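Trainee: Can you read through this structure? Questions will come right after.
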Amino acid sequence: MSIHISAKPGEIANTVLLAGDPLRAKYIATNFLEDAQLVSMTRNAFYYTGQYKGKRITVGASGMGCPSIGIYSYELFTEYGADTIIRIGTCGAYTNELSLFDLINVDQAASESTFAKFAWGIHDELIPHQGKAFDRINAAAELTGHSLKRSNIHSSDIFYRKDPGTPAIAAAHQCLAVEMEAFALFANAQYTGKTAATLLTVSDIIPTHESISADEREKALLPMITVALEAAIMES
Ligand code: HPA
């Protein structure tokens, strides 16, 4: 048991898929895992451990933003012995070079967040994915016939802002899209020597205001879920 996760020791698998939304974690566990057991529901952040194609994995919730994923990923790495976390989520594209439903495997996360600096003395504003999970995602996409773009991402602390333009940090680091968590996940993995990757589905095109409708969302996320599950069970 950690402060924010009530699973018993041994109830979290080595590889964890983290979705922002607890109900998405529940949806994945219910529809894709066999023998899924609910191992934590502290604060309604559901964590399920079960089998995917005979291999044990955990699917859980990170919440939104660097502070929230910072807490969950740190406790998973340090108190439950997780060695790999794959975040799955959505992002908003800064450019119409991207289309709705595109899949992005995040190479490096850029952020104005002070999380890495004040948590670990990591002063970089750009932190790379850690370990081999990024390569496993690429291989899993190839295996399952899904095309994947590799890009840097802006991990913003802000969802609503007055200026509709692309923020300077995103332009400086060729970030094609924005989400809110990868930077803290990568910082925690770098500090603890663990493995972390982030796989995203484009849900919004910011310049044109297009977005995936609520009805489309469940089906739209299936390619990402499939690729992430295959990556989770792949030998590195
Ligand atoms: N901003 C931040 N995070 C997001 C967005 C966005 O526009 N879309 C999906 N996740």
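The values are calculated or read from the model by the stated rules, or taken from the named source; none is laboratory data. Worth saying up front: this structure is predicted, and the values here are computed from it rather than measured. Don't worry about glycine lacking a Cβ; one is built from the backbone with ideal geometry, like all the others, and counts go over all protein chains shown. Note: accessible area is taken over every heavy atom of the protein model, side chains too, but ligands, DNA and RNA are not part of it. Shrake-Rupley method; radii C 1.70, N 1.55, O 1.52, S 1.80 Å.
Trainee: Could you work out how far helix 66-79 tilts from the main Cα principal axis of the chain, as a 0 to 90 degree angle to the nearest 10?
Mentor: 30
Trainee: Name the longest site-free stretch of the chain, where the excluded sites are chymotrypsin sites (Phe, Trp or Tyr not before Pro) in a DSSP loop with no more than 13 other beta-carbon atoms within 10 Å.
Mentor: On the way: sites that count: Phe159, Tyr160.
My reading of the result: 1-158 is the longest stretch.
Trainee: Using the alpha-carbon centroid of each, what span in Å lies between segment 5-61 and segment 176-216?
Mentor: 20
Trainee: While we're here: In the neighborhood of Ala139, defined by Cβ-to-Cβ distances under 12 Å, what is the net charge if each Lys or Arg adds +1 and each Asp or Glu adds -1? Write down the numbers at each step before the final one.
Mentor: Details: positive: Lys132, Arg136; negative: Asp135, Glu142, Glu230, Glu235.
Surrounding charge for Ala139 is -2.
Trainee: Once the Cα gyration tensor of segment 151-236 is diagonalised, what are the square roots of 5 times its eigenvalues, in whole Å and ordered largest first, as equivalent ellipsoid semi-axes? Walk me through the intermediate numbers first.
Mentor: Details: eigenvalues 121, 86, 20 Å².
Ellipsoid semi-axes (Å, largest first): 25, 21, 10.
Trainee: Where only protein heavy atoms count, and the probe is 1.4 Å, what is the accessible area per residue for segment 15-232 in Å²? Mind showing how you got there, number by number?
Mentor: Working: 9570 Å² over 218 residues.
With all protein chains present, segment 15-232 gives 44 Å² per residue.
Trainee: Can you tell me the orientation of helix 182-192 relative to the chain, as the angle in degrees between its alpha-carbon axis and the longest Cα principal axis, to the nearest 10?
Mentor: 50
Trainee: Dipole size in debye (nearest 20) for the chain around its Cα centre, Lys and Arg Cβ +1, Asp and Glu Cβ -1? Write out the running numbers ahead of the final one.
Mentor: Details: 18 positive and 26 negative charges, 83 e Å.
Value, rounded to 20: 400 debye.
Trainee: Something else now. Over the chain, how many pairs of lysines fall under 30 Å by alpha carbon, counting only those 8 or more apart in sequence or from different chains?
Mentor: Value for the chain: 29.
Trainee: Still on this structure, I have one more. What does the C-alpha gyration tensor say about the overall shape of segment 15-232? Classify as rounded when a/c is under 1.5, otherwise prolate if a/b is larger than b/c, or oblate. Before the final figure, lay out each step's value.
Mentor: On the way: a/c = 1.56, a/b = 1.19, b/c = 1.31.
Oblate shape, in that a/c is at least 1.5 and b/c is the bigger or equal ratio.
Trainee: Which is farthest toward the positive dipole end of the chain among Pro207, Ala197, Gly92, measuring Cα position about the Cα centre, with Cβ charges +1 (Lys, Arg) and -1 (Asp, Glu)?
Mentor: Ala197
Trainee: Let me have the 222 nm mean residue ellipticity of the chain computed from DSSP H runs of 4+ only, each contributing -39500 (n - 2.57), with the sum over all residues rounded to the nearest 500.
Mentor: Details: 8 runs with 78 residues, N = 236.
It lands at -9500 deg cm²/dmol.
Trainee: Using a 1.4 Å probe and counting only protein heavy atoms, arrange Lys55, Lys162, Lys219 so the residue with the most accessible area comes first. Let's see the in-between values first.
Mentor: On the way: Lys55 80, Lys162 200, Lys219 155 Å².
The residues order as Lys162, Lys219, Lys55, largest area first.
Trainee: While we're on this one: May I ask you to give the percent of accessible area on segment 15-232 that is carbon plus sulfur, with a probe radius of 1.4 Å?
Mentor: Details: 4800 of 9570 Å².
Taking all protein chains in place, segment 15-232 shows 50 percent carbon and sulfur surface.
Trainee: Right, next: Quick check: the angle from helix 133-144's long axis to the longest principal axis of the chain, C-alpha only, nearest 10 degrees?
Mentor: For helix 133-144, the angle is close to 90 degrees.
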